[in-house]
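A short reminder: the numbers here are calculations on the coordinates, not readings from a lab. Computed from a predicted structure; not experimentally measured. Cβ coordinates were reconstructed from backbone atoms using ideal geometry, including for glycine residues, and neighbour counts include every protein chain displayed.
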Amino acid sequence: MMRYANAHVFRNGRFVFGGFSVENGLFADVFSGETDADGVDLGGAYAIPGLVDIHTHGNSGADFSDGDPAGLEKMARYLAKNGVTSFAPTSLTLPLEPLKKAFRTAKTFADGRPSGCARIMGINMEGPFFSEKKKGAQNPAFLRAPDLAFFNELYEAAGGLLRIVDIAPELPGAMEFIRAASETCVVSLAHTDADYDTARQAFDAGARHMTHLFNAMPGLHHRAPGPVAAGSEREDVFAELICDGLHVHPAMLRLAFRLFPGRICMISDALNCCGMPEGTYTIDGRETYVKGRLATLADGTIAGSASNLYDCLLTAVNSGVPKEEAILSATANPARELGAADKIGAIAPGCFADFVVCDEDLTRRAVYVGGVKTA
């Protein structure tokens, strides 16, 4: 057993001075107060749970949808080094067979995670059940109507690891799909042109999540409130939010936390260009151009992000989101949406000992996965 003491430990939404012990890769106990017991003296540093990214496509030149085990390992190592200790690799809009390959690869990785890598705790199926009008950077060639048989094949390929499936609820057959799929995983509204009433119907049918809030959906309007308002009114609906400072204006970041109190899941929506230099990258056969932290298609359409979730956390706090709320949105909230709140996203007895030691401003000092230092 290893004991870590004299730190500001993030527990139940606030920092408490104390420490914790780690045994067999798990948090064994968490305590308050100063101590001079044997172990690691953190010297007044801050300790937060390892972050949980439920919407990330890739990094380091690798993309989950490629179905490449080596690429997936590269992604997971990059995430662990950057304080993101659990994730749900997220698919692109593609045909059935490439998706099945990627999902099987994820299941194999999750069952035999190499040391030093972030944990795969689920799969996020983003597409292909989307609106042409709000496709964003998704490939229009592979869009299709909601298809439960298509979904079930992927659910089986994932070995039950599929945790979130995205859908535009205005499509023909969407409500029937939502009612059926919500029995096995979280259904999320995404890439949709749905109005307020249609979104409400989707939530009544069983949807309880919203993919990258504000992006690829109608905005708030006083006579056409749209899906954002419909989701805000439902206390069981959680909303993802890309906090790279580019996809959503800082004022709207702050507003989102007010519209969905305690229900924001911070995400990166990172692409394979995350962690890479400026240049041109290929995503599902199409070129994506990266300049600074902005990734766009050839026609200027903003794509996913080039930022990891830890950088998004810092951006959100620097944009005025209260630190404690921001941390919860990047740890406990996404863990809940993956059905894994008893395993990740918290410094609590029985959870995996995944944590980040940092300064008061959240600058990282060290990252631990299962009690083993990875960065």
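What does the net charge come to around Leu309 if you take all other residues with beta carbon closer than 10 Å to its beta carbon, with K and R at +1 and D and E at -1? If you can, show how the numbers build up before the last one.
On the way: positive: none; negative: Asp53, Asp244, Asp269, Asp311.
Residues close to Leu309 contribute a combined charge of -4.
When the gyration tensor of the chain is built from Cα positions, what are the square roots of 5 times its three eigenvalues, in whole Å, from largest to smallest?
The three semi-axes for the chain are 33, 22, 20 Å.
Projecting each Cα onto the charge dipole of the stretch 29-116 (Lys/Arg +1, Asp/Glu -1 at the beta carbon, about the Cα centre), which of Gly58, Ala110, Pro98 comes out farthest on the positive side?
The one lying farthest along the dipole's positive direction is Pro98.
What is the ratio of the Cα radius of gyration of the stretch 23-169 to 2.2 N^0.38 Å, with N the residue count, to two decimals? If you can, show how the numbers build up before the last one.
Numbers: Rg = 18.7 Å, N = 147, 2.2 N^0.38 = 14.7 Å.
Dividing the Cα Rg of the stretch 23-169 by 2.2 N^0.38 Å gives 1.27.
Select from Leu255, Gly285, Thr301 the residue farthest towards the positive end of the dipole of the stretch 225-375; place +1 on Cβ of Lys and Arg, -1 on Cβ of Asp and Glu, and compute about the Cα centre.
Leu255
Which listed residue (Leu189, Leu213, Leu143) has the Cα farthest towards the positive end of the charge dipole for the stretch 104-255, taking +1 on Lys and Arg C-beta and -1 on Asp and Glu C-beta about the Cα centre?
In the stretch 104-255, that residue is Leu213.
For the stretch 82-226, what are Rg and Dmax over the alpha carbons, in angstrom?
My reading of the Cα-based Rg and Dmax gives 15.5, 53 Å.
Every cysteine in the chain with no other Cys Cβ under 4.7 Å from its Cβ, please list them in numeric order.
Taking the Cβ cut-off of 4.7 Å, the unpaired cysteines of the chain are Cys117, Cys185, Cys265, Cys273, Cys274, Cys351, Cys358.
To the nearest 10 degrees, how steep is helix 69-81 against the longest Cα principal axis of the chain, on a 0 to 90 scale?
50 degrees
Starting from the 7 Å offset along Cα-to-Cβ, what nm value, one decimal, do you get for the label separation of Ala298 and Asp197?
In this crude label model, Ala298 to Asp197 measures out at 4.1 nm.
Which of the GluC sites (Glu not before Pro) found in the stretch 157-197 are loop residues per DSSP with 15 or fewer other Cβ atoms within 10 Å of their Cβ?
Details: sites: Glu170, Glu176, Glu183; in loops: Glu170, Glu183.
Those satisfying the criteria are Glu183.
Please give the charge dipole size of the stretch 47-358, origin at the Cα centre, charges +1 on K and R Cβ atoms and -1 on D and E Cβ atoms. Round to the nearest 20 debye.
Details: 28 positive and 36 negative charges, 109 e Å.
The dipole magnitude comes to about 520 debye.
Calculate the spin-label point distance for Asp111 paired with Ala141, positioning each point 7 Å from the Cα along the beta-carbon direction, and give it in nanometres.
So the two model labels end up 3.3 nm from each other.
Which number comes out as Rg/Rh for the stretch 257-375 once both Rg and the Kirkwood Rh are worked out on C-alpha atoms? Before the final figure, lay out the partial values.
Values: Rg = 16.4 Å, Rh = 16.1 Å.
Using Cα coordinates only, the ratio equals 1.02.
Using a cut-off of 11 Å between beta-carbons, work out the net charge of the residues near Glu156 (Lys and Arg +1, Asp and Glu -1, Glu156 not included).
On the way: positive: Lys100, Arg104, Lys107; negative: Glu153.
Neighbour charge sum, excluding Glu156 itself: +2.
Tell me, how many Å apart are the Cα centres for the stretch 19-60 and for the stretch 141-176?
Using only Cα atoms to place each centre, the spacing works out to 37 Å.
Taking 45 Å as R0, compute the FRET efficiency from the Cβ-Cβ separation of Thr282 and Glu34 and round it to 0.05. Walk me through the numbers before you get to the answer.
Working: r = 54 Å, r/R0 = 1.19.
Calculated value: 0.25.
Find the all-direction average of the projected area of the Cα convex hull for the stretch 146-240, expressing the result in square nanometres with one decimal place. Write out the running numbers ahead of the final one.
Values: hull surface 22.4 nm².
Approximately 5.6 nm², given one-decimal rounding.
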